[in-house]
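The values are calculated or read from the model by the stated rules, or taken from the named source; none is laboratory data. Please read these numbers as outputs of a predicted model, since none were measured by experiment. Areas reflect the complete protein model, heavy atoms only, side chains present, ligands, DNA and RNA absent. Shrake-Rupley method; radii C 1.70, N 1.55, O 1.52, S 1.80 Å.
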Amino acid sequence: KLTVARVTNNWEEGYGMDMESYKDKTYDGVGSNWVNANGTFVSASATITALSKTAGQVNTRILTIADTSGNSVSFQIDNSISTSTATKIAFGNSNSNPTQFATNIITAVNLAEAADALNVTGSSDGATVTLKQTAKGFAGNSAADVSGTAVSDSAVTIVSQFSGGSGP
């Protein structure tokens, strides 16, 4: 049986194979091996925008974030709390304030990562939230995503799903 499959990613060929002394090991630098396609090790990242909403427009909405390891956390937006947890995004102090809303999203994501529930970290700049896979490599480009009723009900806008990962 012969199986033919297409190549799905670029790779670095390196300097060729040393069949005499086998000194051509890449050590995850220049060249490729069966684990790494190139010497660039970058985590996939995603960008979302927290929108200016009222408590009634976002309360109980869910923002689900998945990572390359198969973990996902469904964060519930809760307008009765002002401090995020590893499973809840505080909205009690964010009414019509997208910058505070973004800060609360990042706090929840980073708490979930610290609790080993999610392999994603985050940062914010104004209302813009940047999520980054902790694992580096191509897998983050397709194995992870951001979804949920917070997206479909327009509590947040997905600017870009996870992409840009490279390496292993």
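Normalised per residue, the accessible area of the range 32-156 is 42 Å², obtained with a 1.4 Å probe and no contribution from ligands, DNA or RNA. With Cα atoms as the point set, the radius of gyration and Dmax of the range 94-153 evaluate to 12.4, 37 Å.
Just the C-alpha atoms of the range 77-125: what Rg/Rh do they give, with Rh taken as the Kirkwood radius?
Values: Rg = 10.3 Å, Rh = 10.5 Å.
Result: Rg/Rh = 0.98.
Separation of the range 151-168 from the range 117-142 is 9 Å, based on Cα centroids.
Per-residue extension of 0.36 nm, minus the Cα-Cα distance of residue 21 and residue 74, leaves a gain of 13.9 nm for this segment.
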